[in-house]
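The values are calculated or read from the model by the stated rules, or taken from the named source; none is laboratory data. Values in this document were obtained by computation on a predicted structure and should not be read as measured data. Here the Cβ positions follow ideal geometry from the backbone for every residue, glycine too, while neighbour counts run over all protein chains shown.
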Amino acid sequence: MAKVKLNAMETNQEPGGDFDVVIVGAGFAGLYMLHRMRGLGFSARVFEAGSGVGGTWFWNRYPGARCDVESMEYSYQFSDELQQEWVWTERYASQPEILRYLNHVADRFSLRRDIQLNTHVLAATFNETAGRWTIETSAGNRVSAQFCVMATGCLSSTNTPNFKGRSHFAGPSYHTGNWPQEGVDFIGKRVGVIGTGSSAVQCIPLIAQQASHLNVFQRTPTYTIPAHNGPLDPEVQREVKANYANFRAYNKLLPSGLNIRHNEASALAIPKEERQHEYEERWAHGGLPFLGAFADLLFSKEANDTAAEFIHEKIRSAVHDPVIAEKLLPRIVFGCKRPCVDTGYYQTFNRSNVTLVNVSSSPIEEITENGLTVKGKKYELDAIVFATGYDAMTGSLLKIDIRGHCGRSLKEAWAEGPRTYLGVATVGFPNLFTITGPGSPSVLTNMIPSIEQHVEWIADCVLYVRDHGFVCIKPTLAAQDAWVHHVNSVAGATLFPTCNSWYLGANIPGKSRVFMPYLGFPPYVQKCNDVAAKGYEGFVLIRGNDGERHAALSR
Ligand code: N01
């Protein structure tokens, strides 16, 4: 990464300094971590790569970007004043609205003075003698901190496949996860969108309305459920706010922490008509609650097939041309990749200016000056949109040269896939925490309460270390090994590992195939609480002078 040197005047921050905590990232996780640490009296500095706060909601400005979790749930709950005063306008909030919310949070809690923008963290190195981290940035900072918290996000390191000839394309190209702030005008343009995941499903219907022609290059057809988005009924908002604490507490007891009604029944235990009725109701309601239709959808292939068949029929009835409809039918297990939530996705393929190109059996061969080729056929394009996803969960962490005990890098430690204790800490990296890291429920839950749970747990842990006269905390190898084994065995009992999802790292060539998130919410929260209640069971706490500390860290 090129070093962009900004002077202290430009960044409004000093290049050096000693902090209790350095936090990397100013999205939902980093903002709350900063607020929490400051509230406990710790000094903290946040480094953020973007020119504004917001993390994923800062970068993902593609047309149609909006959340697939409902607005009344996808927000912080740490401050009742905040959740009472903020007014959401739609059932599913758009990217601009969420970004406005996060900017409001930054201002309301006076967070900006401790956030340095336009700054990539390049390296974090643990100094065993000092028991502190040294953090180096693209802006020339070299600061030290006792604790380092990675709030780098699970879906923040974009993946642009290395197609042959990519640099030869003469027109503009965009990645959905790094969209120009000024927006893009596709009017009258021949556009190619590569990918058909959540980002593509959201932007394709809108780009199709502008483009003179849109080619959609599909490798794996996707399941998407209609959002049925619309203005948020003020009465619904008032009711939730009148009872917000109970609403939040109830949701925390549900699988995924989302306000989804989970049917306890098996899809196979009831007559077909009843099953269809359940699916129809969920389809009419829209969005991710479809996943809760039956208890065994992600455990039994036979049960899963009933959901797949139902959605196939919906696609066949939405798409006029039966040949195109067949091409759009997903053949993977429903839910093993995160289902998308859309507005008019399948119907977009009825437009005369939209072509679906199958790149599954015949991949994109080459990007040329004027477009790209598939199976020898040329597709002339004025602009390319890479909706090709992310190096999820580990990508942003491993981009930073993180070095712990004996100078060993995180990249080496995770060469065979990420290994953590509870998704928050890693053997060999004392005083380093990962918010919603691999091995925690994170992306399989409502992210915001999961972020809040991690932030609060980490803050309590740091407080415990300080108040009990310790200087360092690190997980034991035995605790980490047992946790990794547990995370894998839970995933192995489901249908999740059956497809090439980013949950498994299977979308990135060469990445180890490991199911990264933990399928164990809400018991996970209890486990974290128990660990803390037992004086941080599974961790080693270290105190003493430099020599003693050095010896303890070396064990
Ligand atoms: O990324 P993806 P995304 N040649 O990885 C294709 C969250 N999110 O940005 O499936 C051709 O899902 C790839 O094909 P395949 C949400 O959690 C949420 O869309 O690997 N195609 C796939 O179709 C989501 O799951 C929201 O065969 C290639 C696509 O690119 C996650 O972010 C909105 C290719 C990538 O899909 C990621 O979503 C947006 C190649 N070489 C995102 N390489 C909401 O809240 C990749 N592809 C609504």
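Restricting attention to region 92-121, the residues that are outside any strand (DSSP E or B) and more than 26 Å from Gln202 (Cα to Cα) total 14.
Need at least 3 residues that are at negative phi and surrounded by fewer than 15 Cβ atoms within 10 Å (Cβ to Cβ) per element, so show me which helices (runs of 4 or more DSSP H) inside region 198-284 make the cut, counting only ones lying wholly within it.
Numbers: elements: 198-210, 234-242, 244-252.
Fully inside region 198-284 and qualifying: 234-242, 244-252.
When Pro221, Pro205 are checked against the criterion of being out of contact with any His (no Cβ under 6 Å at 6 or more places or on another chain) and either within 11 Å of Thr348 (Cβ to Cβ) or more than 16 Å from the ligand (Cβ to nearest atom) (or both), a single residue qualifies: Pro205.
Within the set Asp467, Asp401, Asp391, Asp382, the sole residue that is under 17 Å from Ala151 (Cα atoms), away from the ligand (no atom under 16 Å from the Cβ) and either assigned by TED's automatic domain parsing to the domain that holds Val21 or crowded, with 18+ Cβ neighbours inside 10 Å (or both) turns out to be Asp401. Residues that are charged (D, E, K, R), within 13 Å of Ile225 (Cβ to Cβ) and assigned by TED's automatic domain parsing to the domain that holds Phe186 number at least 1 in the following helices (runs of 4 or more DSSP H) confined to region 299-360: 301-318. Taking region 492-542 as the range and being part of a helix (DSSP H, G or I) and either under 18 Å from Gly389 (Cα atoms) or not assigned by TED's automatic domain parsing to the domain that holds Leu444 (or both) as the test, the residues that pass are Trp502, Tyr503, Leu504. The residues of region 150-198 that are within 11 Å of the ligand (Cβ to nearest atom) and β-branched (Val, Ile, Thr), listed by number, are Thr158, Thr160, Thr176, Val193, Ile194, Thr196. Exactly one residue among Val359, Val323, Val319, Val374 is farther than 20 Å from Ser199 by Cα and within 12 Å of the ligand (Cβ to nearest atom), and that residue is Val374. The lone criterion from (1) modelled with pLDDT of 95 or more; (2) more than 16 Å from the ligand (Cβ to nearest atom) left unmet by Trp502 is number (2).
Filtering region 29-65 to residues that are within 16 Å of the ligand (Cβ to nearest atom) and over 17 Å from Cys148 (Cβ atoms) leaves Gly54, Gly55, Thr56, Trp57, Phe58, Trp59, Asn60, Arg61, Tyr62, Pro63, Gly64, Ala65.
Kindly evaluate Ala249 against the criterion of being under 28 Å from the mean Cα position of the chain (by Cα), hydrophobic (A, V, I, L, M, F, W, C) and farther than 22 Å from Pro330 by Cα.
It is true that Ala249 is under 28 Å from the mean Cα position of the chain (by Cα), hydrophobic (A, V, I, L, M, F, W, C) and farther than 22 Å from Pro330 by Cα.
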